[in-house]
Amino acid sequence: MQVLVRDNNVDQALRVLKKKMQREGVFREMKLRRNFEKLSEKRARERAESVRRYRKLLRKRMEREGY
C-alpha cells in the first residue's frame, strides 16, 4: 500500500493511509490474528457476519422499494 505525501503534509497522508487500510480490512485482520480462534468460533463468527450482511442488504432493499 502506498500513499503520497504532498507539501510535507504527513497528517493528511496518515489519514489517507488509515482510510485505505480500513477499507482493505487490515485492522480487522490484525485484530483477528491477535489471538488464536478455534475453528468452531470462526465458523460461528462468519455465519453471524453473513446474517448481518444479509439483513443489512434486506433493509436497504426495503428502504429503496418504499416498504
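Bear in mind these aren't lab numbers, they're just calculated from the coordinates by the rules spelled out. Since the model is a prediction, treat every value here as computed from it, not as a measurement. Note that each Cβ is placed from the backbone with ideal geometry, even for glycine, and that neighbours are counted across all protein chains shown.
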- Task: Please identify every one of the trypsin sites (Lys or Arg not before Pro) in the chain that sits in a loop by DSSP and has no more than 15 other beta carbons within 10 Å of its own beta carbon.
- Result: 6, 34, 38
- Note on the structure: Over the chain, the sum of -39500 (n - 2.57) across DSSP H runs of at least four, divided by residue number and rounded to 500 deg cm²/dmol, gives at 222 nm -25000 deg cm²/dmol
- Net charge of neighbours whose Cβ lies under 15 Å from the Cβ of residue 3, counting Lys and Arg as +1 and Asp and Glu as -1: +3
- Positive minus negative residues near residue 48 (Lys, Arg vs Asp, Glu; Cβ under 12 Å): +4
- Task: Compute the convex hull volume of the Cα atoms of the chain, divide it by the residue count, and report the result per residue in Å³ as a whole number.
- Result: 128
